[in-house]
Each structure stands twice: as C-alpha cells, then as structure tokens.
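Enquirer: Here you go, one structure.
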Amino acid sequence: MRIRYFAWLRQRTGCAEEEIPLPPGVRRLSELKLWLANRHPRLGEALAAKGVVRCAVNQDYVAEDIELSDDDEVAFFPPVTGG
Amino acid sequence: MRIRYFAWLRQRTGCAEEEIPLPPGVRRLSELKLWLANRHPRLGEALAAKGVVRCAVNQDYVAEDIELSDDDEVAFFPPVTGG
Amino acid sequence: MIRVQHEPFDPGVELARFVASRTDVGGIAVFLGRVRDRAGDTPILAMTLEHYPGMTERKLAEIEAEARRRWPLEDTLVIHRYGRMMPGEPIVMVAVASAHRHAALEACSFLIDWLKTRAPFWKCEETPQGERWVEARTSDELAAARWERRSAASSGQSPAQSSFS
Amino acid sequence: MIRVQHEPFDPGVELARFVASRTDVGGIAVFLGRVRDRAGDTPILAMTLEHYPGMTERKLAEIEAEARRRWPLEDTLVIHRYGRMMPGEPIVMVAVASAHRHAALEACSFLIDWLKTRAPFWKCEETPQGERWVEARTSDELAAARWERRSAASSGQSPAQSSFS
C-alpha cells in the first residue's frame, strides 16, 4: 500500500510517501495508525492528539475505522488551509 | 420650482421637466401633487394609485408630506429598476 | 469609487485595475450585471437605462458609504452605465476589497441589493413587440430589506454578519 | 471548470474570458483570494501552498458539482494555485454565472467556504522569523458548516437560500 504525508506531518515522518505491504496484523485504519505511530513516533504524537490529523483513503476523507486492502492509498495530513 | 418626471411618468406628462413658480395655495407636497394631477390628468391617475409613484425632493427620497419652497427640485418616478 | 457613465466598460480591465491598486488586500469580491438576451420567453433586442443625473451619484455614494460603515473594507468600486445597450453588455459592476472574505462577499451583495432598490435608474426593454418599462420586483425589495438594521439590539451588525460568528 | 496550477494567473484576463464565454447570462459573481503581505503583525515574505495532487482536483470537482446542484448556475470556474507565491499574487479565483444574482453570489460564497475546508491545500508562510504552517481556523469551519444541509425538512434548500424568499 501507499502511505502519504502532507504539510507538517511530512516533516515529522521525514518522508512524503512510502510504499509498504499491508503490515501483518493490520486490517483496519485504526490498526494502521498504531503501526505507523510505532514506526514514526513524532507522527504518533500527532495521531494521538484529538482533531489534529485528517485521513484520506484513496483520496477521499475517511473518519470511520474502515477496512484496508493492500492496494489502498492512505494519506495523513493536518486540517486544510487553502483558498 | 423645478419638476422632473422619469421613465413612464415622463411619457404621461409629455415632458421631462418643467419650471414653475410654487403655485398659489400650494405649500406642501400633497398640495403640489393635487395641483399636478389637475395639470397632467394621466400623471394624476398614477399619483392616485398606491405605491406606484416615488417622489424625491432635492434629490432625496421623500415619503412624508413635507413643506416645499420655490427653489425646490421635485421629481416623480416609478420604483427604480437599475442594477 | 463611484462611476456613472454612458460608455461601455471592460470588466476584465476594471478588475485588473482594481486588483493592481492594492497589493496588501486578501479578498476581492465582484458582482457583474449584464443585459440579458431574454426576459422569460421574450427576446430582448436592446435595453435603455434612464437615470436621474445628480441623484444617482448621490445615492450611490450614500450606499457605498453605508457599506464601508458596516464592513471593514479596504476599497470599493461601483460602475453603473446609463443609455442604450445590447444583450451581453455590462450594466453594473461592484467590486469590494477586504482582508475578510465574508466582509467582501456580503458587502458586494449589500451594494447590489441596495443599488437595485435605491439608485434612480429605470430599465426600458426593446422587444419584438415594442418597448416596455421593466417593473420593480418584490424580490428585490425583500433582498434589500434583509440589510435594514432591525433594532438597536443588533449593535451595529447586519443580520447576515451576525450569523457568521 | 476546475484548474489547479502552479503558474500565476491574471484575474482580469480570466474574468474577461469567463464573461466572453456566455453572452446570455445576467449575473456573474467572482471571489479572488490573494497572498496578503502580513498576518496580524507578522510580515509575510512569501507563501507556499502544498497540495495533494489528484485528491485536490477530485474534491474541487465535487464541490463545484454540489454548487451546481444547489443553485441554477450557467457556468462556474475555480482556479487554485499551488507552489510558492509572493504577497499580492492571486491564489484562488472562483467565478459563477447565473441568471439570478443571489444564486451567483451565494454559490460563490459556498464554493470558497467549502474549498477552504475540503480541498487538500496547506499554506506555509515565510516570515522574518522563519517558516510556519498556517493553522486551520474555527471561523472557516463555521462558515463551511452554514452550508451543511440541516435535515430533510429543509427540502433541498441551503439555509441561506431559504432566507431569500
């Protein structure tokens, strides 16, 4: 799967994106977040705080704890500030 | 005083403006309207109908029955439709 | 700035000039009104705008001043034409610059609403059946009335403004 | 139409083109957002907009489609830039054409409100003290929430629309 980070979250992971296989034991978004929090502790801090990180799966906003598959694109970013 | 007519009221009086001395016995706007209704019967019809004619004295809207003087400019016109 | 003129204007040129006059402003809202080629089912061949010279400029200046009292505006522009014009030609342009986008958009809406019910212009349409004077619409009166100050309790805020937090 | 681009654009040229594309439309509303030269007391030297390519276009298209569902619009244009830009440069332009001026103005307001809270852009400001990411504002969330459909009882009308008679 493809994981993407934007804005200051990208600065916390040190990478804009990474290709990884769906990690063992990870089937849902909440599980992926825990796995990524372990991999990138400074991302983990942000994920642990309420309302700080938005998530999109396959370029759509996702608020629920949906099931993931290996060909998903999952993105993490702060609330948007365009316009 | 100067009396001005706009839009279809101008077509009813046949003139865009007229210079007249403040007519004898006319001191208030309501009295001027009666005098003009007599002078221009088709204007009178419009003045008699409710909400059809707007009035401005010295280029400000006037809804009240104010007192007039000989150097006033009084205008009659339908509700505006610009923009 | 208020401009009442017979000559056509180019909205693109006017916007570019308005934009160029201030580089420090965040938001610019514009409304452009043009002659339509039909009114309902009736083709409009041309439109003539009569106005009351002197009173027009005075009323537009009052409306502009009122907008500047109500919203924190950096700049305003109102251009309104009179005389005969063809479908597609611009009649009116309102441009508002503000640091706050809702102020710009609301003031733009306010300016066009009040202008439509207070500035002494009258439209006469040329149709295949002849000329006819456009009648004032109740919907324009209602739109303008939205901006009336309701009471002292609203403490100087417009109704729409107070709904924005 | 949606355009997401790095290159600067000229608002005057864009408006002229938008106007020229339709001669049958009465009202055109425009909002133009530009880089400000300061944020509060802090000078802004430059601004960089990061975005999520692909998702940006998708979200803007959704927002545009929603505006066209809600109001009777003849044409819409959304231009949004990304990359580094200087104070005074345009960031975003929304243009809406409609036979009805309130539809045009409201849809313009809606588009910018939803775009600000849904399109994946992030602003990073360059200040004399260094770079900093702009934080999302609660006021933008509230502005966007005005346009949420409240319930089935509102019968497909936006809150603001229903206030217009």
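The values are calculated or read from the model by the stated rules, or taken from the named source; none is laboratory data. Nothing here was measured: the structure is a model prediction, and the numbers come from that model. So basically every Cβ, Gly included, is an ideal-geometry build from the backbone, and we count neighbours across all protein chains shown.
Enquirer: Looking only at residues in the stretch D:68-112 that are more than 14 Å from chain C (Cβ to nearest Cβ) and in a helix (DSSP H, G or I), which one is nearest to C:Ser139 (Cα to Cα)?
Expert: The residue in question is D:Arg70.
Enquirer: Going through B:Ala7, B:Ala75, B:Ala63, B:Ala16 one at a time, which residue ends up being out of contact with any helix residue (DSSP H, G or I) (no Cβ under 9 Å at 6 or more places or on another chain), closer than 20 Å to C:Val134 by Cβ and among the hydrophobic types (A, V, I, L, M, F, W, C)?
Expert: Within the list B:Ala7, B:Ala75, B:Ala63, B:Ala16, the selection yields B:Ala7.
Enquirer: A further question follows. Regarding D:Gly40, is this residue more than 9 Å from every other protein chain (Cβ to nearest Cβ), surrounded by fewer than 20 Cβ atoms within 10 Å (Cβ to Cβ) and within 18 Å of C:Gly26 (Cβ to Cβ)?
Expert: So D:Gly40 fits the description; yes.
Enquirer: Is there a residue being more than 13 Å from chain A (Cβ to nearest Cβ), in a helix (DSSP H, G or I) and modelled with pLDDT under 95 anywhere in the stretch D:125-148?
Expert: The answer is yes; a qualifying residue exists.
Enquirer: I would also like to ask the following. Determine whether the stretch C:123-145 contains at least one residue that is of a type in the set (D, E, K, R) and closer than 28 Å to D:Val35 by Cβ.
Expert: no
Enquirer: Out of curiosity, is D:Glu64 of a type in the set (Asp, Glu) and either assigned to a strand (DSSP E or B) or in contact with a Pro (Cβ under 7 Å, 6 or more places away or on another chain) (or both)?
Expert: no
Enquirer: Restricting to the stretch B:4-24, name every residue that is part of a strand (DSSP E or B) and within 14 Å of chain C (Cβ to nearest Cβ).
Expert: Scanning the stretch B:4-24 gives B:Arg4, B:Tyr5, B:Glu17.
Enquirer: Against the definition (in contact with a Leu (Cβ under 6 Å, 6 or more places away or on another chain) and within 21 Å of D:Glu106 (Cβ to Cβ)), how does D:Leu32 come out, yes or no? Spell out the reasoning first.
Expert: Numbers: in contact with a Leu (Cβ under 6 Å, 6 or more places away or on another chain): no; within 21 Å of D:Glu106 (Cβ to Cβ): yes.
The answer is no for D:Leu32.
Enquirer: Test of understanding: among B:Ala16, B:Ala7, B:Ala56, which residue is at positive phi and either surrounded by fewer than 18 Cβ atoms within 10 Å (Cβ to Cβ) or at pLDDT 95 or above (or both)? Outline the logic, then answer.
Expert: Working: B:Ala16 fails: at positive phi; B:Ala56 fails: at positive phi.
Checking each option against the conditions leaves just B:Ala7.
Enquirer: Turning to a different aspect of this structure: Can we say C:Thr23 is polar (S, T, N, Q), in a strand (DSSP E or B) and farther than 21 Å from B:Phe6 by Cβ?
Expert: Criteria not met by C:Thr23.
Enquirer: Looking only at the stretch D:43-61, count every residue that is away from chain C (no Cβ under 14 Å) and either assigned to a loop (DSSP other than H, G, I, E, B) or of a type in the set (Asp, Glu) (or both) and tell me the total.
Expert: Final tally of qualifying residues: 5.
Enquirer: May I ask you to list the residues in the stretch B:34-73 that are closer than 24 Å to C:Ala144 by Cβ and in contact (Cβ under 8 Å) with a residue 40 or more places away in the chain?
Expert: Residue satisfying the conditions is B:Val53 alone.
Enquirer: Name the one entry in A:Leu32, A:Leu68, A:Leu43 that is at pLDDT 95 or above, in contact with a strand residue (DSSP E or B) (Cβ under 8 Å, 6 or more places away or on another chain), under 21 Å from D:Cys124 (Cα atoms) and away from chain D (no Cβ under 14 Å).
Expert: Checking each option against the conditions leaves just A:Leu43.
Enquirer: I've got another one for you. Being part of a helix (DSSP H, G or I) and within 14 Å of A:Gln11 (Cα to Cα) is the filter here, so list the residues in the stretch A:25-46 that pass it.
Expert: The answer is A:Pro41, A:Arg42, A:Leu43, A:Gly44, A:Glu45, A:Ala46.
Enquirer: Let me ask you something else. What residue, among those in the stretch D:86-100 that are buried (at least 19 other Cβ atoms within 10 Å of the Cβ) and not small (Gly, Ala, Ser), is farthest from C:Gly26 (Cα to Cα)?
Expert: D:Val96
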